[in-house]
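First comes the structure, then the notes that go with it.
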Amino acid sequence: MIKIFFYVWILVFPLQAISQVNINVQMPHAGMVQKERLWDVVLVNNNNTVLDVTLQLNLQNASTGQVVLSATTGNILLGKGAKIVKSNQLQPINYTYNLPDFSRNFLPMGAYLACYTVIDAGARKEVPIAEDCIRFNIDPLSPPLLISPTDKSLLETPYPHFTWMPPAPFDMFTTLTYDLLVTEVLQGQSASEAIQYNSPIYSRSNLTQAYESYANSFTKLDTGKIYAWQIIANNGLNYAAKTEIWT
């Protein structure tokens, strides 16, 4: 009986220790995220004693599992009950960047898994007392926007000049490039159907500037026909966003 009780005590005690503190991450699940927003958390101390804790963070690529960023905070005191925590209360925060793109103010686009550990720094040996993970996506607030030729305008030249605005905010992109598609709109088709189903008569990839002149080495456009065009923005090898389709 004593052995059974001893084994049960060993199994239950770690669970009791972990339940000393609960952590609730307040970060948005989608949209742009500044690095300091990673520390928007609520810590709940279920004990009557004040705890001296630090936080550890591992940020992973949700697709590959690669840890792209890790960090450890300074100490913070937790009284009984809930405490809303911001990054300025956790200084100094020491970051380790496994990819240089993550040293920027805004996190790059992508899908991530952020895992937090609360460490009891007041114990003789630092031990984890709470853990939580949250998955979130980072998308641009604004896709790229077409500028010219304006929508439904008449071609004045068979070699037009295309311009557009980059997606925003620009700082969240690490390697921003564009694909330009131009295709003829056949009779009875909508512009979106033309882009989706017709072979492009003009296509350029990996453009680094938000403009492109129709090359005269390609078949010139017929000013009597209708054409549709669209810009697709990419971040490195990954799709980021696309514009509307104009004719």
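None of the figures in this text is laboratory data; all of them are computed from the coordinates on show. The structure displayed is predicted, hence computed values, not measured ones. With ideal geometry, Cβ positions are generated from the backbone for all residues, glycine too; neighbour counts draw on all protein chains shown.
Among the lysines of the chain, pairs that are 8 or more positions apart or on different chains and have alpha carbons within less than 19 Å of each other number 4. Among Leu38, Leu146, Leu99, the order by Cβ neighbours within 10 angstrom, fewest to most, reads Leu99, Leu146, Leu38. Rounded to the nearest whole Hz, the Karplus-based 3J(HN,Hα) values (6.51 cos²θ - 1.76 cosθ + 1.60, θ = phi - 60°) of the range 66-80 follow the sequence 5, 7, 9, 7, 9, 7, 10, 9, x, 7, 9, 8, 10, x, 5, with x at glycine and proline. Based on the Kirkwood approach, the hydrodynamic radius assigned to the range 194-243 is 12.9 Å, with every pair of different Cα atoms included. Take the Cβ atoms of Asn105 and Glu244, set R0 to 22 Å, and the FRET efficiency comes out at 0.15.
Along the charge dipole of the range 32-179, pointing to its positive end and built from +1/-1 on Cβ of Lys, Arg, Asp and Glu, which listed residue (Phe162, Ala130, Ile147) has its Cα farthest out? It is Ala130, whose Cα lies furthest towards the positive end.
The ellipsoid equivalent to the alpha-carbon distribution of the range 109-201 has semi-axes of 51, 15, 10 angstrom, derived from the gyration tensor eigenvalues as √(5λ) and listed largest first. In this Cβ point-charge picture (+1 for Lys and Arg, -1 for Asp and Glu), the chain has a dipole of about 740 debye about its Cα centre. Charge dipole (Cα centre; +1 on Lys/Arg Cβ, -1 on Asp/Glu Cβ; no other charges) of the range 83-200 amounts to roughly 600 debye. In plain terms, if you count all Cα to Cα distances in the range 145-242 and split them into 5 Å steps from zero, the share in each step is 3, 12, 23, 24, 19, 11, 6, 2, 0 percent. Computed over the chain, relative contact order equals 17 percent, with contacts defined as Cα pairs under 8 Å that lie 6+ residues apart. In terms of surrounding Cβ atoms within a 10 Å radius of their Cβ, Cys133, Cys115 rank from fewest to most as Cys133, Cys115.
Charge tally for Tyr178 (other residues, Cβ to Cβ under 13 Å; Lys, Arg +1; Asp, Glu -1): 0.
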